[in-house]
Amino acid sequence: MNTAKPKQVYFFGTCLVDLFYPEAGLAGMRLIQREGVDVIFPQGQSCCGQPAWNSGYRDEARDVAAAQIALFTKEIPVVVPSASCAGMMQEHYPALFRDTPLETSAIALSKRIVELTAFLVDVLDIRVEDLGNPQKVAIHSSCSALREMQVGDRIETLVTRLEKLEKVEQAYKRECCGFGGTFSVKQPEISGAMVADKTASIRESGADILVSQDCGCLMNIAGAFEKQGEGPRCLHIAELLWERTHADD
Amino acid sequence: MQTTDAGFDIRIRDALGNERVRGNFRRAMDGLMQRRLDLFPDPEAMESLRQHGMCIKASALSRLPELLEELEAKLIANGIRVHWAETPLEANQIVLDIMQSHGATSMIKGKSMVSEEMGLNHFLEQHGIDVLESDLGEFILQLAGEPPSHIVAPAIHKDRYQIAELFREKFPDIPYSEDIDELTQSARAILRDRFETAEVGLSGVNFAVAETGTLCLVENEGNGRMSTTVPPVHIAVTGIEKVVEKFEQIPPLLTLLTRSATGQPVTTYFNMISSPRKPGEKDGPEEVHLVLLDNGRSGIYSDPELLATLRCIRCGACMNHCPVYTRIGGHAYGTVYPGPIGIIFEPQKGGLDKYGALTTASSLCGACGEVCPVRIPIPNLINRLRYEAHHSNGVTPGSGSKHKRSEALLWKAWSLLYRKPLLYRMMTKAATRLRMLAPGKAGPWTRYRVAPKPAARSLHDLARTHGVDNE
């Protein structure tokens, strides 16, 4: 990854953030803007195609992915507030478009993909003043961040830079929360057992806040806590960073 | 056995509902993961060893036909007889023929997953052969009448209390004990006699070296050595993918295997079998046979991506680290090979029509691919098989058999919605405006979670009002 600070970046919001966690997306863009980098949010964007790709529907995934490729043509980084969508675009677009007319553009785009926490740490190296109250925070790094993108430690760095937060460690921290996209629908019982264990270990950690860099995990974990009736506040790392470090608004 | 959607669902529910078995798996897998981690303290060294292991196996596979020929020639020159079997039935018949040619009616077995694949015990018993498993785990399972639930630790689903109960039932003369060492000693005493009287010993093979015609067998209990040296006839069974080129490639593979499997720097026993007993030698079998089983492997071999499946050295690390396997255990899969490797191997071997349902049993978390000692990209291969399950243009047997018109139409509609900005905008507008009408129940999702509610305004909307550039 090129770690030189760019003048301008694209922001690919992801479909999940767009509809369910827009505040996380907005916070991500504001954090980048605050560091003096222009953000472009192409209004034609929708989804990276991952749901169809992971379900075995490659033609459908390719059609949706092609629509995104057409929108992010400038030679600037594309920042994605989700390691799993970033992983789709970086790791799987080349395979998805192999031997198709869009192969070259897909590979070119894949090389410009940067997951948000990696961008904030490796490129912008953001330093923040924590204006929030002391609280205990547990971190859930997504499987895509940990394994596919290998950026799972960037969220740890960011949380550490919020000085008033105390990091707590839950058991089985690196284990999948059970979301897995359509896995949670196709294998609801296994997925349910996994999220039950995940929420139990987070609860045991005594965390006031659960933070993640992926909204899929958040939707799963927060949804389970809500169903159980209690649990820590669950939010995206961008939102946590923004709300604890800006004074107005 | 088929792994139908309905059958799989039932086994999953049963497994999830069995607290005891779930606890047994969790504890066992936690221990195995920790032991592996302790033996790979340096991530860089581990990665370089994994890379090395991958290269050895990939290189061997790239020359598989000629290596198999070389192996056969070397084995024959060493005095080992070689048999080729395309199907499990053929392999079983070969084993039976060898036994009958000696008038043998008793066999003692070392651990072999290929013999499980063949259904060998059942076949031989039907033909009046007395078969005894000598690996402790397999011995326990033979008593219980169960298949292995793990490829390395076959009885891992049982705790010592269950085993004590089983021994009490099967061996009423032995004093009851829940002590692991005492139980082991009891089994050992029973097996000792049988080693001396069995007419044929059978084992698997971990690596078959083409260069030297050597069969390598990795084990901890010494039963493998006994099975392959005490009876007058030794029959080894293995899959055609176990061949490696050179003898010097064995140490790195062995290191990867023992560390990944059980977190041991090396196993208690490592056997290298290169010939029958020679004149003047005091022990060893008079005859050694190798049965090489295809059973669908040559079909897998024909695809450059799926070929990686055959790199597997059967360490079981993928199952030890799989959050799905840890929760449902090995039996729920209903296949010989469970866990992530089973998810990719079984459908390719037996057809997506029979085993396609397995491909849904992964959250694609990547833990299996992360630990695989030969770097099989298991999640990518699961993804590929999901595609083939729904599309008839795949190369895997039974491709397209999971095609459902309703599901395909749903994805077509999804694709249209998400690639047309106008349609997508209309959808998100409707979802955000009508968010209070969003269904509170969203199928199985809401059994364990509340349904997510769309936000009041989409990110597209927020970006516009906050003046973020459009292009």
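The numbers here are math on the coordinates, done by the rules we state, and not lab data. As the structure is a prediction and not an experimental result, all values here were calculated from the model. In this analysis, Cβ positions are derived from the backbone assuming ideal geometry, glycine residues included, and neighbour counts consider all displayed protein chains.
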**Study point:** Among B:Phe247, B:Thr268, B:Val288 - extreme Cα towards positive end, dipole of the range B:240-299, charges at beta-carbon
**Key:** B:Thr268
**Study point:** Between the range B:354-424 and the range A:76-97, the Cα center-to-center distance that results, in Å
**Key:** 18
Exercise for review: At 37 °C and 0.692 mPa s, grab the translational diffusion coefficient of the range B:319-363 from Stokes-Einstein with a Kirkwood Rh over Cα pairs, rounded to a whole number in µm² per second.
Suggested key: 321
**Study point:** Principal-axis tilt of helix B:250-262 within chain B, Cα atoms, nearest 10 degrees
**Key:** 70
Revision key, fill the gap. Most packed first (mean Cβ within 10 Å per residue), the peptides B:115-126, B:293-304 order as B:115-126, B:293-304
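Checking the a/c ratio against 1.5 first, then a/b against b/c, what shape does the Cα gyration tensor give for the protein assembly as shown? Could you put the intermediate results ahead of the total?
Details: a/c = 2.20, a/b = 1.92, b/c = 1.15.
Taking the square roots of the gyration eigenvalues as a ≥ b ≥ c, the protein assembly as shown is prolate.
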Review point. With Cβ to Cβ distances under 11 Å as the rule, what net charge do the other residues near B:Glu116 carry (K, R +1; D, E -1)?
Key: -1
Practice item. Would you tally the net charge around A:Gly192, using a Cβ to Cβ cut-off of less than 12 Å, leaving A:Gly192 out, and scoring K and R as +1, D and E as -1? Key: +4
Review point. Cα centroid distance between the range B:208-258 and the range B:1-79, in Å?
Key: 16
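I need A:Met88, A:Met219 ordered by Cβ neighbour count within 10 Å, fewest first.
Working: A:Met88 27, A:Met219 23.
Ordered by Cβ neighbours within 10 Å, fewest first: A:Met219, A:Met88.
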Exercise for review: Order the peptides B:153-166, A:126-139 from the highest to the lowest mean number of other Cβ atoms within 10 Å of their residues.
Suggested key: B:153-166, A:126-139
Exercise for review: Could you tell me how many degrees, from 0 to 90 and to the nearest 10, lie between the Cα long axis of helix B:421-433 and the main elongation axis, the longest principal axis, of the Cα atoms of chain B?
Suggested key: 80
Study note, to complete from the structure: In Å, the C-alpha Rg and Dmax of the range B:6-84 are 21.4, 55
Check your understanding: How many Cβ atoms of partner chains, on average, are near each residue of A:26-35 if near means within 10 Å of its Cβ?
Key -> 2
Revision key, fill the gap. The set of cysteines in chain B having no other cysteine's C-beta under 4.7 Å reads B:Cys55, B:Cys216, B:Cys312, B:Cys315, B:Cys322, B:Cys372
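What is the order of B:Ser406, B:Ser106, A:Ser212, A:Ser55, fewest Cβ neighbours within 10 Å to most? Before the final figure, lay out each step's value.
On the way: B:Ser406 6, B:Ser106 16, A:Ser212 28, A:Ser55 25.
The order, fewest Cβ neighbours first, is B:Ser406, B:Ser106, A:Ser55, A:Ser212.
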Review point. With charges only on Cβ, +1 for K and R and -1 for D and E, what is the dipole size of the protein assembly as shown about its Cα centre, in debye, rounded to 20?
Key: 2220
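Using a 10 Å cut-off around each Cβ of peptide B:381-387, what is the average number of partner chain Cβ atoms that fall inside?
Mean partner shielding for this stretch: 4.
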Check your understanding: When chain A is treated as a GNM, springs tying every alpha-carbon pair under 10 Å, which of A:Gly181, A:Gly56, A:Gly231 comes out with the largest mean-square fluctuation?
Key -> A:Gly56
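What average number of partner chain Cβ atoms lie no more than 10 Å from the Cβ of the residues making up A:218-227? Before the final figure, lay out each step's value.
Details: counts 1, 5, 4, 1, 3, 8, 3, 2, 4, 7.
Mean partner-chain Cβ count within 10 Å for A:218-227: 4.
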Practice item. Using a cut-off of 11 Å between beta-carbons, work out the net charge of the residues near A:Val17 (Lys and Arg +1, Asp and Glu -1, A:Val17 not included). Key: -4
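Only loop residues by DSSP count here, and only those with at most 12 other Cβ atoms within 10 Å; note down the GluC sites (Glu not before Pro) in the range A:141-249 that meet that. Don't skip to the answer; put the middle values down first.
On the way: sites: A:Glu148, A:Glu156, A:Glu163, A:Glu166, A:Glu169, A:Glu175, A:Glu189, A:Glu204, A:Glu226, A:Glu230, A:Glu239, A:Glu243; in loops: A:Glu163, A:Glu169, A:Glu175, A:Glu230.
Hits after loop and neighbour filter: A:Glu163, A:Glu169, A:Glu230.
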Point to revise | Along each principal axis, Cα extent of chain A, largest first, Å | key: 52, 45, 28
Practice item. Whole Å is fine, so just give me how far the alpha carbon centre of the range A:1-71 lies from that of the range B:102-150. Key: 56
Practice item. Any chance you could give the angle, 0 to 90 degrees and rounded to 10, that helix B:88-101 forms with the longest Cα principal axis of chain B? Key: 10
